[in-house]
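Quick notes on the structure that follows.
What follows is calculated from the coordinates using simple rules that are stated; it is not laboratory data. Quick caveat: nothing in here was measured; it's all calculated off a predicted structure. Using ideal geometry, Cβ is built from the backbone for each residue, glycine included, and neighbour counts are taken over all protein chains shown.
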């Protein structure tokens, strides 16, 4: 792999909102930052700030030891880096793919990179664009430890916290998928709650302070009892699953009484009832993990 004692150059492929934020942080850190985007015109501000516009993706990756890719998904990233000319230009260099996709796609990309003599790190950005270049950014990586350490000085200029999760290349994407599952399931639940509240004459503004109070209960729950979960124990320290099902049925009844789709809560209630049906009525709600993914 290309190695420098001090790397002073980096390439960013993809000029969507996150790609522009990454490139901007590199520019602000004083790195020679080469940028390229499939659709021209999104890099004007960055070029005005000192970034270098590449006329082709192969020219972009040839400009730096490290190319950071951030596009919509791996179909889009493959369409760029797996072009013959780009693949040839990447040989002996490193790709840090911060594009969101599945663990299997990350593994496939790593195998492709290895076959072509390209260093490969997979990564995930867990915070929005406005956090890039600030202490609030959160970045996850997986792949060869040596490769991560080699390029960490450049990656660290993005600010925030950077965590290497291990050499198994799919781990960063797996964390990303699991964490986004929390986020979007929660947001779907909140949207459903607002719809139900509206049907009962409660505005979003009225509900929001109490919703924030409910949300504040969750962080401690995410950390408590994880040893029990990892060992297949689901004590009902807070609430037995039978009580949980009763509450869920009230939500379903009220929702459907207003003609509101309750499929999200019906799915959760169904999992809980299956756990009870298998004799786990004295356990807590997290017993449903074993229904979804049996040991």
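Maximal additional length on extending the residue 32-residue 45 stretch stands at 3.1 nm, based on 0.36 nm per residue less the C-alpha distance. The calculated FRET efficiency for residue 195 paired with residue 218, based on their beta-carbon distance and R0 = 22 Å, is about 0.60. Listed values [x] 44, 23, 17; [y] 33, 22, 17; [z] 26, 26, 16 include one computed from this model; for semi-axes √(5λ) of the Cα gyration tensor in Å that value carries the label [x]. Counting only alpha carbon atoms, the long axis of helix 103-115 and the longest principal axis of the chain meet at about 20°.
Measuring nothing but how far apart in sequence close Cα pairs (under 8 Å, 6+ apart) lie, relative to its length, the chain scores a relative contact order of 12 percent. Just to be sure I understand: of the beta bridges DSSP finds with both ends in the chain, what percent are antiparallel, rounded to 5? Just about 20 percent of them are antiparallel. What percent do you get for the relative contact order of region 174-292 when only Cα pairs under 8 Å and 6+ apart count? Relative contact order for region 174-292 comes out at 27 percent. For region 217-251 versus region 261-295, the spacing of their alpha-carbon centroids is 11 Å. Helix 241-257 sits at what angle to the longest principal axis of the chain, using alpha carbons and giving 0 to 90 degrees rounded to 10? Approximately 90 degrees, to the nearest 10. GNM on the chain, alpha-carbon springs under 10 angstrom: the most fluctuating residue among 176, 261, 28 is 261.
Considering only alpha-carbon pairs that sit under 8 angstrom and 6 or more positions apart, the relative contact order computed for region 9-167 is 20 percent.
Modelled this way, with points 7 Å down the Cα-to-C-beta line, the labels at residue 136 and residue 82 are 3.7 nm from one another.
Helix 171-199 and the longest principal axis of the C-alpha atoms of the chain enclose an angle of approximately 50°.
For residue 152 and residue 278, the difference between the fully extended length at 0.36 nm per residue and the C-alpha to C-alpha distance is 40.5 nm. Using a simple spin-label model with points 7 Å from Cα along the Cα→Cβ vector, what separation in nm is obtained for residue 264 and residue 177? Label-label distance for residue 264 and residue 177, simple model: 2.2 nm. Using R0 = 22 Å, the C-beta based FRET efficiency linking residue 293 and residue 163 works out to 0.35. In terms of other Cβ atoms within 10 Å, 269, 200 run from fewest to most in the order 200, 269.
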